1. Can you check what the net charge comes to around residue 32, using other residues whose Cβ is under 11 Å from the Cβ of residue 32 (Lys, Arg +1; Asp, Glu -1)?
2. Only Cα pairs under 8 Å and at least 6 apart count here; give the relative contact order of the chain as a rounded whole percent.
3. Enter the angle in degrees (range 0 to 90, nearest 10) between the Cα long axis of helix 267-278 and the first principal axis of the Cα atoms of the chain, meaning the one along which they spread out most.
4. Output wanted: per-residue J couplings in Hz (rounded whole) for region 48-54, from phi through Karplus 6.51 cos²θ - 1.76 cosθ + 1.60, θ = phi - 60°, x for Gly and Pro.
5. Could you go through region 222-231 in sequence order and give the Karplus-derived ³J(HN,Hα) for each residue, using 6.51 cos²θ - 1.76 cosθ + 1.60 with θ = phi - 60°, rounded to whole Hz, and x for Gly and Pro?
6. Quick one: which residues, 5+ away or cross-chain, put their amide H under 5 Å from the amide H of residue 286? H built at 1.01 Å from N.
7. Which distance in Å, rounded to a whole number, links the C-alpha centroids of region 79-132 and region 248-313?
8. Kindly state, to the nearest 0.05, the FRET efficiency for residue 170 paired with residue 311, given R0 = 41 Å and r defined as their beta-carbon distance.
Amino acid sequence: MEMPRTVAGMDASNILIAGVGGIGCAWAHQAHQRAQHHAHLVLIDADDASFQSGENIHTLRLGHALDSVGCAALPPLAEQRMRGLNTLTNQLLADTELVILLTGLGGGVGTGAAQEFARQARQCGAIVLAVAALPFEAQPTRLELANEGLDRLERNAHVTVRLSLERLARQARERGQLWQMGAEWIEDLVDGLVRTLMSMGLINLDLMDLRAIVDQVGEATMLVGVGRPNDPKGILESALKAPLAAMDVGGAKGCLIQVEGGQGMTIGQVDAVAELFTSALDEDAQVILGARVSDDLEDTIRVVTLLSGIRPA
Ligand SMILES: Nc1nc2c(ncn2[C@@H]2O[C@H](COP(=O)(O)OP(=O)(O)OP(=O)(O)O)[C@@H](O)[C@H]2O)c(=O)[nH]1
Ligand SMILES: [Mg+2]
């Protein structure tokens, strides 16, 4: 276990939640509602309907005032327009250390602009964690587009987590929700990451830890688990229910794990959860553990993990 230490001062302008395209903007806005005071938000779309206003919210419009029809299924157009905003994004990204990018692939804007925004952000020196939703399998044309966008996003972002809309939709149905709204998982993930990096905890993680993990060669993914403090198994099970595209995380070489609980959380509970979450990893995996007490968590433990160095299946 790492020794406690202090975090180099991060503030809200160091973390940017970015939504690209219709669904990406909706998810990013929802996630930002929860993390509002700890992160900035940028909404990027060709469609004005995606834009919101509020504290720490920025918008980047792809296109001209007179055509609000978007980049309907035209990724190259979206990419070109994103590139045209380079000067603006450089200003926006000046203090940014971490970008959490949310998007849905398969349409025009998400597919074309998300990977270009990731490239710009990385060039500005930010760590880029992307969450990309893949289209339903019954949409072959969109799937094909999505895969091209995914390829480039994976090259430009440090970590790209693939979310399956199929699984997301199935889970939302089970809960009686609309799939578009079934993004609680994304909110937990973003909120967990933001808190992990912003807050002074029992054991603090910082950007150097995050860099060490994202620099591992191979694929990466993130997991979020929530459950009762004395039920580490239940917490792991909830994490494995995430609507992620199929991936075998056993054998991961790097793992950043943040355990967050209420006032009563004990080091023993933290250890038990961390132990279980890391038991499937490679023997020599680099594991960085953080833990923190949150006043708003009562009788609940939430775990956010970033796994990297996963061998492609
Ligand atoms: N079946 C279905 N899929 C959707 C719907 N909305 C979004 N999706 C899926 O989510 C992906 C991204 O959608 P959006 O975020 O709306 O697309 P966009 O990036 O704004 O792209 P354009 O509007 O085409 O420029 C699509 O490829 C679809 O797979 C919907 O209402 N129904
Ligand atoms: Mg759209």
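1. Details: positive: 34; negative: 55, 187, 191.
Charge balance near residue 32 sits at -2.
2. Values: 707 pairs, mean separation 50.3, N = 313.
This gives 16 percent for the chain.
3. Compared with the principal axis, the helix lies near 60 degrees.
4. Karplus values, whole Hz, x for Gly and Pro: 4, 4, 7, 7, 10, 10, x.
5. 10, 10, 10, x, 9, x, 6, x, 9, 10
6. 254, 255
7. Region 79-132 and region 248-313 have Cα centres separated by 28 Å.
8. Numbers: r = 27 Å, r/R0 = 0.67.
Working from the Cβ atoms, E equals 0.90.
Quick note: the coordinates plus some simple rules give every number you see, no bench work behind them. Just so you know, these numbers come straight off a predicted model, no measurement behind them. Don't worry about glycine lacking a Cβ; one is built from the backbone with ideal geometry, like all the others, and counts go over all protein chains shown.
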